[in-house]
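First up is the structure itself, then whatever we jot down about it.
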């Protein structure tokens, strides 16, 4: 990139001084970030840093007590997750949330339905436009399965897939919603080194093919440093650092958070 992510003006998602409390516990404190359109960025931090809570706030699963959140220039604070999804933000989850008894194809079709135009009551009435749209949704799901390397398992139950394939299926379902921003919550969790490498290639490929902006949470530093252009670091619910991968690697606050005080002066 010719300029740093921080300097870019075309911001797709922004948060300013966002705070989320649960009773007397402050899970996210004064979070501010700006995600540029077209970039791959990341949020990292030790366990319990508040990363997933931040994702839940940004995607509408929680409404913060303080702060503002904007998506493509429009406030989304307090809006429901399905409304935010229709605006163009999709996400995956740290713990895979597939419908395990449904087929691979049916799971992807669920994502497609957020864009459907025909109402549910058109089905019992037998209206042709409903079934025409349903066939188009199935075709779209088949195409997404092929692009994510799942075309050979379309009729298999999602719960029977290997772990890495389940991760790809969850991404395929998110892509079915036609997002502009994709939030990935620990996509490399539970993967072996080869699967993590394949994931890095997949993230870069779908960013280009689907014209996406991507924000991810990840513990695998090889993945984070390999795909992210800009990184925010959280600890105890607050930002302690932000910068390019090169800046984060050498930041004393980040080293202290991950490795302890002794490593800062090692």
Identify all residues within segment 108-144 that are modelled with pLDDT of 95 or more and farther than 24 Å from residue 84 by Cα; write none if there are none. 142, 143
Please state which one of 218, 186 is touching a helix residue (DSSP H, G or I) at 6+ places or on another chain (Cβ under 6 Å), under 18 Å from residue 42 (Cβ atoms) and in the same structural domain as residue 46 (by TED's automatic domain parsing). 218
For residue 105, state whether it is over 17 Å from the mean Cα position of the chain (by Cα) and modelled with pLDDT of 95 or more. yes
What do you reckon, is residue 36 over 27 Å from residue 256 (Cα atoms), buried (at least 22 other Cβ atoms within 10 Å of the Cβ) and in the same structural domain as residue 200 (by TED's automatic domain parsing)? yes
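Among the residues of segment 173-193, is there at least one that is farther than 30 Å from residue 67 by Cβ and modelled with pLDDT of 95 or more?
Restricting attention to segment 173-193, the residues satisfying the condition of being farther than 30 Å from residue 67 by Cβ are 176, 190-193.
Going one step further and asking which of them are modelled with pLDDT of 95 or more, we end up with 176.
Yes; the residues of segment 173-193 include at least one that is farther than 30 Å from residue 67 by Cβ and modelled with pLDDT of 95 or more.
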With the structure loaded, tell me whether residue 231 is part of a helix (DSSP H, G or I), in contact (Cβ under 8 Å) with a residue 24 or more places away in the chain and crowded, with 19+ Cβ neighbours inside 10 Å or whether it fails that test. no
With the requirement that a residue be in contact with a strand residue (DSSP E or B) (Cβ under 8 Å, 6 or more places away or on another chain), part of a helix (DSSP H, G or I) and surrounded by 20 or more Cβ atoms within 10 Å (Cβ to Cβ), what does segment 164-205 give you? 171, 174, 175, 203
Helices (runs of 4 or more DSSP H) wholly inside segment 41-116 containing at least 1 residues that are assigned by TED's automatic domain parsing to the domain that holds residue 216, surrounded by fewer than 17 Cβ atoms within 10 Å (Cβ to Cβ) and on the phi < 0 side of the Ramachandran plot: 81-87
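Being in a loop (DSSP other than H, G, I, E, B) and farther than 20 Å from residue 207 by Cα is the filter here, so list the residues in segment 127-163 that pass it.
127, 154, 155, 156, 161, 162, listed by residue number.
The values are calculated or read from the model by the stated rules, or taken from the named source; none is laboratory data. A quick note: this is a predicted structure, and the numbers were derived from the prediction, not measured. Note: ideal-geometry Cβ built from the backbone for every residue, glycine included; neighbour counts use all protein chains shown.
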